[in-house]
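Bear in mind these aren't lab numbers, they're just calculated from the coordinates by the rules spelled out. Worth saying up front: this structure is predicted, and the values here are computed from it rather than measured. Cβ atoms come from the backbone with ideal geometry, glycine included; neighbour counts cover every protein chain shown.
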């Protein structure tokens with residue numbers, strides 16, 4: 001039986017959907033994550049937007065309380081999902097982790113800056129639950145996608161697994177990479193589960 005879009009798993013009829021593959025299609029990302037054996041977590045709510053988080057700062061005490069409350073609520077949901085899956089996931093101490101976050105919501109979705117900024121409490125929750133060692137670029141490779149969904153569907157899906165990018169060897173290596181970061185800005189390139197992508 002021919003299933004899938006043909007980008008990740010080749011179909012018997014050799015057809016390939018014009019969906020853009022794992023970089024643009026959530027179905028193809030799911031197939032690629034399944035093949036790679038990544039941990040998949042679905043949360044029954046969407047992440048806030050960056051504008052919402054910035055809106056909390058009109059009252060600093062309220063902003064801190066809301067931020068902590070949301071982060072802790074997400075951490076609690078993550079703990080439950082991990083227990084349901086029967087696996088206690090702890091980030092390997094010597095591996096950079098790959099995290100792909102999909103925000104499924106009806107409508108136009110969020111722009112990239114709003115999407116990334118709104119996912120910060122979720123990433124903090126992943127660190128708090130030891131799914132990630134740290135949320136710095138040395139230990140985390142992250143990608144964010146806003147996925148249009150039917151009316152009434154609000155969810156966040158995470159794909160978590162080891163990154164193909166090497167992790168820093170020690171603190172001296174981290175410092176050296178930070179100092180040389182400006183040299184890499186001109187032509188950054190990644191090779192990951194999503195394939196070769198130039199930004």
Practice prompt. Counting other beta carbons within 10 Å of each Cβ, put 65, 139 in order, fewest first.
Written response: 65, 139
Worksheet item: Going by how many other Cβ atoms sit within 10 Å of their own, how do 82, 132 line up, fewest first?
Response: 82, 132
Fill in: Sorted by Cβ neighbour density within 10 Å, fewest at the top, the residues 97, 113, 155
113, 155, 97
Practice prompt. Once you have all Cα-Cα distances for region 93-164, histogram them in 10 Å bins from zero and send the whole-percent values.
Written response: 19, 49, 25, 6, 0
Worksheet, complete the sentence: The distance between the Cα centres of region 4-43 and region 118-150, in whole Å, is 21 Å
